[in-house]
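Trainee: Questions regarding the structure given below will be posed in turn.
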Amino acid sequence: MASVREIKKDINYLIYEVLSDCMIHKHVNNDNSKASDKIMKDMMAKREELISRVNEAKDMDDKKEKKKAFNAIEDDLITSVDESFREISKLAEETSEKV
């Protein structure tokens, strides 16, 4: 099991990668739509939720429950980030079709 510090670093890194891709998409495509803004807002809310869940899980006494909680957090992180990257890709495809 990774340390709490490493899990928080992973959360921040992956969320900021999604945010970075959204900003790049907006800049390159002059995209003023609300779709990319919504992705960014959702990811920031997801970051807060995941960090909160990590803080709650680190105080658990039962090691098995703690490990289950951390695995669930990591799975949720990967799923959310993957879904967001797919949404950004879809936005990019839609934008390139318009051009």
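Trainee: Identify all residues within segment 17-40 that are surrounded by 13 or more Cβ atoms within 10 Å (Cβ to Cβ) and closer than 20 Å to L77 by Cα; write none if there are none.
Mentor: E17, V18, L19, D21, C22, S36, D37, I39, M40
Trainee: Same structure again: Would you mention how many residues in segment 1-52 are among the small types (G, A, S) and touching a Cys at 6+ places or on another chain (Cβ under 6 Å)?
Mentor: Within segment 1-52, the subset among the small types (G, A, S) is 2-3, 20, 33, 35-36, 45, 52.
Going one step further and asking which of them are touching a Cys at 6+ places or on another chain (Cβ under 6 Å), we end up with 36.
Residues that pass the stated criteria total 1.
Trainee: Under 9 Å between Cβ atoms, at least 6 apart or on separate chains: pull out the pairs that start in segment 8-21 with a residue that is under 14 Å from K46 (Cβ atoms) and end on any residue that is among the aromatic types (F, W, Y).
Mentor: Between residues of segment 8-21 that are under 14 Å from K46 (Cβ atoms) and residues that are among the aromatic types (F, W, Y), the close pairs are E17/F85; V18/F85.
Trainee: Which condition breaks for D61 when tested against (1) surrounded by 15 or more Cβ atoms within 10 Å (Cβ to Cβ); (2) outside any helix (DSSP H, G or I)?
Mentor: Only one criterion is unmet by D61, namely (1).
Trainee: Please verify whether R47 is touching a residue at least 12 places away in the same chain (Cβ under 8 Å) and either crowded, with 16+ Cβ neighbours inside 10 Å or assigned to a helix (DSSP H, G or I) (or both), treating the condition exactly as stated.
Mentor: For R47, the condition - touching a residue at least 12 places away in the same chain (Cβ under 8 Å) and either crowded, with 16+ Cβ neighbours inside 10 Å or assigned to a helix (DSSP H, G or I) (or both) - is met.
Trainee: Can you tell me which residue is nearest to L50 (Cα to Cα) among those in segment 14-36 that are part of a helix (DSSP H, G or I) and of a type in the set (G, A, S)? Don't jump to the end; show me each part of the working.
Mentor: Let us first name the residues in segment 14-36 that are part of a helix (DSSP H, G or I), namely 14-29, 34-36.
Filter again for of a type in the set (G, A, S), leaving 20, 35-36.
On the way: S20: 19, A35: 22, S36: 21 Å.
In this case the residue turns out to be S20.
Trainee: Would you say K46 is over 14 Å from the mean Cα position of the chain (by Cα) and of a type in the set (D, E, K, R)?
Mentor: Against the criterion (over 14 Å from the mean Cα position of the chain (by Cα) and of a type in the set (D, E, K, R)), K46 does not qualify.
Trainee: Continuing with the same structure: Taking into account only those residues within segment 1-16 that are crowded, with 18+ Cβ neighbours inside 10 Å and farther than 22 Å from M60 by Cα, which is farthest from the chain's Cα centre (by Cα)?
Mentor: L14
Trainee: Count, please, the residues in segment 64-82 that happen to be over 15 Å from S3 (Cα atoms) and surrounded by 14 or more Cβ atoms within 10 Å (Cβ to Cβ).
Mentor: So the count comes out to 4.
Bear in mind that the values in this text are calculations on the coordinates, not laboratory data. It should be emphasised that the depicted structure is a prediction, and the values quoted were computed from it without experimental measurement. In this analysis, Cβ positions are derived from the backbone assuming ideal geometry, glycine residues included, and neighbour counts consider all displayed protein chains.
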